[in-house]
Each structure stands twice: as structure tokens, then as C-alpha cells.
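This report concerns only the one structure given below.
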């Protein structure tokens, strides 16, 4: 799919300086552009690239005046960065919109209902008694169990597995091979040394506007629900255990893990490879550093925690600094002992 | 599926106090119950909820006497907690039992044999010369390669990938998108700086009553077998490398990783995000803490190891405590130096 | 599939001592061999096993002379180890070659072209306008989006998900359930506390001879490309974020994670569970230890980094050694303080 520079300028309420008939098929950074690409210039630091870029068009602020001749078409707009972002959004929206209808073979269980405008890819599976809203897209090879509810405009990517009785809101995106609602990890030790499986009968509830990364796993609750609140963003390979609750607009980076029954407040940020033990709670706005290991509840809002075991960031940094001086401290200690020894001998 | 309170009481050998015709369709904690739910009361701490719960029925010990009026039906049994657990087990068993037969299209390779009573979901794939026992359930979109053996009552969830020549015992559960038997990570460095793949020709052997979490990976052996002994429980996103052996009833929590050729004894517990290097062995009952990094064999049984690099828990805790005092130690050291300086000057 | 000892000897240019009609169906370590297996003896440490092995044949150097009677057939070759490796390679090649043709149902989108000699398994999905080279194998339940390019001899295992516009070279192997090209994790904070998704419009480029482990995730670039250079080997459950570039012949072990826009040089080695922050670069030949957390660029070639936060290995080891002595240092410090106190009092 290609657009002329003129078409793009019209969409952005911009004006063209230069050739407005050039065809654009892709977007690129100004320093990496190729013919057929569109770029933007918002930060004056990047201005030198404007005079050398291979991109066919560059979006600029209308107040911007080039100091040298340019070989590319310019689109002048109110705010170059936000115009560019809007262009990308429109493009992405358009890309996703074009998946429509049903590819065969695909499986639709009895008693399931589908809203208008959706997509079901080949080899996708929807179980019994599911309710899917409007514009829901189920990509190829995805699996949706029985009694699942999915809200409007939610997109389920290839290979996602959604277990029975999961509830998913509107405007969510679940990326490839994520698993929602498999059994929590619960086993009761037996006298003979073996373990007996504790039935996991709850479900997962995902509210609106949630994004879940590729190969991430969210376990169902033992009873009740594992709950992912509105606006939560999970990266790839994240583990969310049974009965966890993540507060609205909380962000969890790749490979982090949250153990069973832990409650995370609103707008928390959990960095990559961090781990939280079970049965604790985090106040609103808590920040957990990369690779941190948090073992206790955080009651004060907005704290930054770091290290394993995690402590407040300022303490953690102070300890790290001392630690770096530790070999030198040993030397100083030895020196003191020697001097004291000498003093005692004299 | 719904049951009356009377039907449930009969199943549990209990007696009903109150309305025995109410319909139950779900289970819930007593403090979170809704109409149509059944809950239990075993711990007196939760007794206040009995008088306010929305659940339609509550299982109680027959020795229990309410101190206030209750608005819910009671089922009196010998032991409320174990009766409730039994109820959940029966429910889950029933849920799983109802998957039977074959959904089409599904693929069954030549020479493969299936026991009675199983289930094969739509878009499931079974290769050639496989032997599946009785009541084996292969969920939709799952893949089983060639020459695979699977014992009675084992359940393979949606999207699981089982490579050629894997052997799986009876009563196992493998959760969604787990991968069993992909190549071990083995490469021989070449003079030109590239790596040559070392063929991985072994397989994976999984004994009876093993549970494997969602998105977990178990590599095949270079030669011989990667072995998961009876009763092992693996959580989600766990990595088991080639030629590892996990002893009976060992438990591995989410996102932990075990490197190649390491042998883990019976009844070990490896906590979340822990890592073990390759070619070591762990004695029976070893416990590895969360995020620990174990670099050497553990020969004594029942030790707890913690930290990265991992040390015995008591040492680790002592060092952590010293570490927390380290900035203060620096101050004390400085003070000593100053005093000694003064002493020398006088 | 079985071969006689004579057939194997001919393939390896070797000579048989003993029965050359025995049938071989598998390979095993000499100490674990069973009838029907072939083993090798290269290290004299293992010679005692030669006289007790159950294997039906053992490959030995032609200079080797047994000191006791052997009960197995010997195949004498120039170099036992390399002959054995070659045998395994031939076997594996043969195993993979036998997958040919198309199993139905499978999906092939309009405008996609396929080279000769490939395989498409049942329930595999190939979108529109893809170009696949010769001998490309797409296993069952794998998904390839639109506008994807795949070079000759590349193998896509069951359940792999390849997003639109991904470019993959020749001779690559992508193991089960890996996800290539899902959205980078990019969100812009909004005034109301929510996050807005930043469109991720780039792609992933994978060069030749790359191996990608099971359940590994590689995100597409925001703009431009996430790039995996020639000969890179990624283990299972690895996370590669948007706009990362991995240099030729770099190796990343299981559960390691590399954050957005980080550039890793050639022939680096990143060990298991290590994490790299975003927007840094690593010089050629950098080695990152297991569970290390690297927070800054490495400019000098060939350094080994360890710990979290990561430091040069020698410093890290010195600090660890001091740390182990820390409780004892505290005692010595206390002793000094006591002595000084005494000195002051006298």
C-alpha cells in the first residue's frame, strides 16, 4: 500500500514544499531513511541529517526554515513529532483493520456468540458458550476455551491460549503464544513425600486497554480471580501467578515474575527480571528495579526499591558504593591493626 | 452445570441446615462469595464472614455452632476443609472428563495407536508411530511428533509441542505452550569464529504424575535422555537444559533455569528465578532460594542455599546483615583512623 | 530405520573388527549403551567401559589396540570423535530430509511463493505475499504472517509465530513456540496516568545460520529493524527487545534478556539469566556472566563482566572474597575500637 506525499499532507493538515507526487510506502528515522520512506525532524540536533537523508519526504514544524538546500519533499505541520506519531497510528490501525471475516477451517463451539466486524483466522479455536464483542480479532492458531468473554476491539494474536472462563475487556491486545488462565502452581505435600495437586478453580479477569506480551503467562486463581486492572502493560515472558492483582496502569517489563496472591497498586513500574514474593502488597506508584528481589510489602507510595533483597534505592546505592570500597577498607583496617600493634609494643 | 445443595450434601455425606434446593454453580472464598456460590468455614478467624456472606451455601464442621443468625444454607460435615477440597476435585475431574472423542480436522499419523476414552481437539497433530494410552487428552492446536509414547490419563494442553521420541508417563499434565524435547544448546566453536551445531540426538523421558507449567521448555539430551522423575512439579517459564535429571518429587518454581547435565536429587525445592550451572549435582532435599545462583555441587542432604553466588542460608543472612551495616562500619573505621592519628601526634 | 555395522563403516571409511552384520538403530554414550546402539571411544579415560559396554558397535581410532577381549564390533577410523560426530550429523540430516511435501489442511495466502523441496505441515499458516526459498520446512501449527521472506534450508518448528515483514536468512533453525517480530514494549505516559501505545512499525531481520531457541521472543523495531546477525545462537526463553542488534556469532544462553536499542558486538557470550539495560553497546568478544546485570556500555574488546550491577570479573571476584570476610572484619574492627578505648583510658 502506497500513498503520495500530497495524500499524507492532507491527512495531517500540512503543506508540501517540493514534489507532492512522490510515493511513500514506509517510515524511517531521518538518519536511516531510504527512497520511499517518510521521516520527521523535531529535534534540531538531527537537522544535519535533513540535508543528506535518503527519505523521500520529511515532516517538519511549520516554523522550521532550512539553512541549506534539501533534496527531499517537506511536509510542514503544526507539530512535526505529533503529526508523525499520528501518521504511524493511522497506518497501524489501517493494517489491523484489513483483517476481516473468517478463514477456514476454524472452530466455533456451540452456544458461542460473536459481535460484528471481527476476524477469525484459519486453525483458530473458540470453545463453547463464549461471548465475543464487536471487532474482536482472533488470529490463526489461537485457542479460546469455553465460557470465555472478550470485549470489543480486542485482538488475540497467533498461538495465544485462553483457558475456560477467562474474562477479557475491550481494547486489549494479547501477543503471540501468551497463556492466560492455566493452573496456578499449588501442591499439598503428602506424608510419602509426593505432592497432591490443589484444584485451581478460579479464573483470570483482564480489564480494558490491557496489553500482554508474547509468551507471558498469567495463572488462574485457586478460587476467585487473578485480576489485571485497566491499562496494565505486560512485556514478554512475564509470569503472573495465581490470585495476583495488578493495579490500573501498572507496567511490568520482560521476564519479571510476581508470586501468588501479591497485590500490586496502581501505576507501579516493575523492571525487567525483577521478582516479587507471594502474599505481599505494593502501594501506588512503587518502582521496582531490574533484577530486584522484593520480599516484603511496600506501604508508602512512590518508593523506588532496588537490589536482591530489595531495599530503598538510596540505601541500596550507598551500600553498593561502600561495597566497591570494601577491598580498600580491608587494607585500611590492616594498617590500623599494624599501627596499634606498634603502639602497644612501644 | 448446576447442582442443588442437597446433591452436594449427599456427595459429601453431610447434612443440610436451611434450604437444600438452592442451585450452586461455582465456588468462592467466604468473604468473596456471590449468590450461586458455595464456600467453606474451617478457620474461626473467618467466622464473622459467615453472617454476611453472599454465598448460597457454606460447608462447616459438624461441631460448629453459629453464634448469630445465618442467611445461607449450611452443609455440616466431619471436616469442612477436606470436604471442600474433595468437592473441588470432583468438579475438576468432571470438567476434564467431559472432553471426549475427536474434533475435526485433526491429524493422526500412520502407525500411531490410541487407547480408549481419549480426546483429540481440532487442529491437534499426532505424528507417526506414536503410542497413546487410555484417556489421553490432546487439546486443540497441540503437536506430538513421531515415535512419542504417552501413558494413561495424561493431559496435553493447547499448543504444547512434543518432539519426536519423547516418552511421557501416566497421570501427567502439560500446560499450554510448553515445549518438550527441542534441541539442547550445543555448539562447537570453529577456527573462523563461527559455531557448528552439535547434533542433539537424545530424547526426554518424563515419568508418572509429573506437572509441567505453561511455556516451560525441556531440551532433549545430546545423547541418552533428559529425565524428569516421578512426581516432579515444574511451574511456568522454567528452563531445563539437555541431559538434566530431576529427582522424584522435586519442585521448580517459575522462571528458574537448570543448565546442562546437572543432576537434581529427590524432593529438592528450587525457588523462582533461581539458576543452576551445568554439570553439578544436588543432594536429596536441597532447597535453593529465589534468584539464587548455584555454581557448585551440594553433597550434604537438606541444605538451604541462597544468594548469587549461592551459599548456605545462615552464612548468606549473616553477610547480608553485615552488608547493611557496611556504611556505618566505614564511619567507625574513619573514626579509628582519626583517633590513631591524634594519638600519634600527641 | 536401521543400518548394519558394515554400512556405517563404509560411510565413515572405516574397517570393521568383529561382526559387521549387526543392526544399529541408535547412538549412546559408551557407558550407557544398549544392544542396537553405536558408541565411540576417543578419551582413554573411558577405555574400561569398552570391555563392559552393551553397545553393539564402538568407533575407535585405528591406532587403538584393546588390552582385553571385547564383546562388541569395532569400527576403526582415522579419528573416532570426528567420525562419530559426522555420523550423528548424517543421521540428523537424514531425519530432517524425510519431511517433504504438504499436509492438509494448511493455509497458503495469495501471492506467496515457495521454493522447491520444502515441507508444510498440517495446520501451518503462511500469509500473503511471502517468499520462501528452497527446502524451507514449516512444521505443523506454525504461523508466518504477510510479506515474510525466508531463505533456503531454513526450518520453522511447530508453533513458531513470525509476524508480518520479518526477513529470515538461509540455514536458520527456529525452535518451537518462539515468537519473532511481536510489538516492542513502548508506551507514552499520559497526563491522566494511563499509557498510550507507541506504534511499532519496524521489523526483525535475521541473517543466515542463526539458531533461535524454544519460547524465545524477538520484538520488532519501533522503526527500522531489530537485527540478528549471521551465526547468532539464542537459547530458550531469551528476550530480545525492539531495535536491538546482535553481532555475528554472538551466543545468548537461556532466560537472558536484552533491552531496547542495545547493540551487542560480534562473538559476545551472554550467559543464562543475565540482563542488559537498553541503549548501551558491547564491544566485540564481551563476556557477560550468568545472572549479571549490565548497566553501561563496554568499549574495550574481550572483557568479562560479572555481578549485578556488573563489573569486571577480577574486581567482582575480589569484592566477593572481601564480602565473605565481612563478618570477620566487623569483629576485627570491634577489637580495634576496644583496644583504642583501653589505650585512651590508660
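Just a few scattered comments:
- Subset of region A:236-255 [more than 13 Å from residue A:212 (Cα to Cα) and either away from chain C (no Cβ under 14 Å) or in contact with a strand residue (DSSP E or B) (Cβ under 9 Å, 6 or more places away or on another chain) (or both)]: A:241, A:242, A:243, A:244, A:245, A:247
- Single unsatisfied condition, residue C:83 versus (1) at pLDDT 95 or above; (2) outside any strand (DSSP E or B); (3) buried (at least 22 other Cβ atoms within 10 Å of the Cβ): (1)
- Top-ranked residue in region B:198-217 [being farther than 30 Å from residue C:285 by Cβ and at the interface with another protein chain (Cβ under 9 Å from one of its Cβ atoms); ranked as surrounded by the most Cβ atoms within 10 Å (Cβ to Cβ)]: B:214
- Selection count where residues are out of contact with any helix residue (DSSP H, G or I) (no Cβ under 9 Å at 6 or more places or on another chain), surrounded by 15 or more Cβ atoms within 10 Å (Cβ to Cβ) and away from chain A (no Cβ under 14 Å), scope region B:37-61: 2
- Note on region A:1-35: residues that are in a loop (DSSP other than H, G, I, E, B), within 14 Å of chain C (Cβ to nearest Cβ) and in contact with a strand residue (DSSP E or B) (Cβ under 7 Å, 6 or more places away or on another chain) total 5.
- Some residue of region C:218-232 being more than 15 Å from the chain's Cα centre (by Cα) and either over 30 Å from residue C:188 (Cα atoms) or within 13 Å of chain B (Cβ to nearest Cβ) (or both): no
- Just one of (1) within 10 Å of chain C (Cβ to nearest Cβ); (2) more than 22 Å from residue C:334 (Cβ to Cβ); (3) surrounded by 15 or more Cβ atoms within 10 Å (Cβ to Cβ) fails for residue A:310. It is (1).
- Some residue of region C:225-247 being in the same structural domain as residue C:136 (by TED's automatic domain parsing) and at pLDDT below 95: yes
- Filter result (touching a residue at least 40 places away in the same chain (Cβ under 8 Å) and over 21 Å from residue B:178 (Cα atoms)) within region A:137-164: A:137, A:151, A:155
- Restricting region A:265-286 to residues that are over 17 Å from residue A:217 (Cα atoms) and outside any loop (DSSP other than H, G, I, E, B) leaves a set whose member that is farthest from the chain's Cα centre (by Cα) is A:281.
- Failed criterion for residue A:148 (all others in (1) closer than 29 Å to residue B:25 by Cα; (2) modelled with pLDDT under 95 hold): (2)
The values are calculated or read from the model by the stated rules, or taken from the named source; none is laboratory data. Just so we're clear, the structure is a prediction, and the values are computed from it rather than from any experiment. So basically every Cβ, Gly included, is an ideal-geometry build from the backbone, and we count neighbours across all protein chains shown.
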